[in-house]
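Enquirer: Here it is: the structure, laid out below.
The values are calculated or read from the model by the stated rules, or taken from the named source; none is laboratory data. In this text the structure is predicted, and so the values were computed from the model without any measurement. Here Cβ is always computed from backbone atoms with ideal geometry, including for glycine, and neighbour counts include all displayed protein chains.
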Amino acid sequence: MSIFTECLFDMFILVRTVILTNVMISDDKGIVRLTLGASNEAETLLIYSPNSTVVCINRHLPSKNGNAMRVKRHMIQLRRWKVFSNHIESVVKIGNQLQEGIDSMLKLHLGNHQFATMNSEYQILQFRDFYRDENGEVRPSLRGIHLTLDELAELHAHLDEFNDKIHGFKDIQLCVNKPDHQPKKCREYNPK
C-alpha cells in the first residue's frame, strides 16, 4: 500500500470515528457539524458552513448491496431553521406523546411550502417540501428527509449549542415578528 493510500485510509478512519462519536464539531473554518443517531444502520449529520444560508441535513444509509453508505440530503434555509428551533419544545412534546402511544399529529409550516410533520402512522419527524396539485390541495413532494424520535431527542439536547455556533443566527428576523407583516401577502407565512 502506498503512503498516499495509507493517508487516505487513515483520514477515512478518522472521519468515521469523528462521525460516530455523537459530538458537535466546529472547525477553524467555522463549519459546524452535529451527528445524531450514529449506528451501523444509519446516521444523520447536520452541517452548517460559514457564509451559507442553509442547514444541510445528511442522512447516511446503508446501500442496497451493503458495500457503501448512500447519502440522502435536504437543505433548510436558516430563517426556516429558526422557525423550527423556535417550536422545538412543541415538536419534542408531540414526539414524546407518539412514543407513549398517544395519537398525535404535527404539521409545522416552516415557510414557503416547507413543513415539519409528525403523526402516529410514521413515528418520525419529517422535513418535507409540499406543493399544490391541480385541485389546489397541498400535497407532500418527494423532496424531504426524516429524523427518528431518538435523533429528535438528541437534536433537542444539542440544538441551542448548534444554533449558537451559526454566525448571526440570533439576529435573523422572521417576517411574522415584524410590525408591518401582512400574512395574506406573505409567501413565507401563507403558502399559495
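Enquirer: Determine whether Gly95 is among the small types (Gly, Ala, Ser) and either in contact with a strand residue (DSSP E or B) (Cβ under 6 Å, 6 or more places away or on another chain) or under 22 Å from Asn58 (Cα atoms) (or both). I'd like the intermediate steps shown before the answer.
Expert: Working: among the small types (Gly, Ala, Ser): yes; either in contact with a strand residue (DSSP E or B) (Cβ under 6 Å, 6 or more places away or on another chain) or under 22 Å from Asn58 (Cα atoms) (or both): yes.
Yes; evaluated as a whole, the condition is true for this residue.
Enquirer: Filtering region 17-37 down to residues that are crowded, with 19+ Cβ neighbours inside 10 Å and either modelled with pLDDT under 65 or not polar (S, T, N, Q) (or both), which residue is farthest from Trp81 (Cα to Cα)?
Expert: Of region 17-37, the ones crowded, with 19+ Cβ neighbours inside 10 Å are 32-37.
Pick out the ones that are also either modelled with pLDDT under 65 or not polar (S, T, N, Q) (or both) and you get 32-34, 36-37.
Details: Val32: 15, Arg33: 15, Leu34: 15, Leu36: 17, Gly37: 20 Å.
Among residues in region 17-37 that are crowded, with 19+ Cβ neighbours inside 10 Å and either modelled with pLDDT under 65 or not polar (S, T, N, Q) (or both), the one farthest from Trp81 (Cα to Cα) is Gly37.
Enquirer: To continue, here is another question. Just name the residue that is farthest from Leu78 (Cα to Cα) out of those in region 160-178 that are assigned to a loop (DSSP other than H, G, I, E, B) and either at pLDDT 70 or above or under 21 Å from the mean Cα position of the chain (by Cα) (or both).
Expert: Kept after step one, since they are assigned to a loop (DSSP other than H, G, I, E, B), are these residues of region 160-178: 165-168, 172-174, 178.
Narrowing further to those that are either at pLDDT 70 or above or under 21 Å from the mean Cα position of the chain (by Cα) (or both): 165-168, 172-174.
On the way: Lys165: 13, Ile166: 9, His167: 11, Gly168: 10, Ile172: 8, Gln173: 10, Leu174: 10 Å.
This residue is Lys165.
Enquirer: Starting from region 110-123, keep only residues that are at positive phi and surrounded by 14 or more Cβ atoms within 10 Å (Cβ to Cβ), then list their pairs with residues that are part of a strand (DSSP E or B) and among the polar types (S, T, N, Q) whose Cβ atoms are within a distance under 9 Å, requiring at least 6 positions of separation or different chains.
Expert: Once the first residue is at positive phi and surrounded by 14 or more Cβ atoms within 10 Å (Cβ to Cβ) and sits in region 110-123, its partners that are part of a strand (DSSP E or B) and among the polar types (S, T, N, Q) give Gly111/Gln77; Asn112/Gln77; His113/Ser141.
Enquirer: Check Asp150, Asp133, Asp129 and return the single one that is loosely packed, with under 13 Cβ neighbours inside 10 Å and charged (D, E, K, R).
Expert: It is Asp133.
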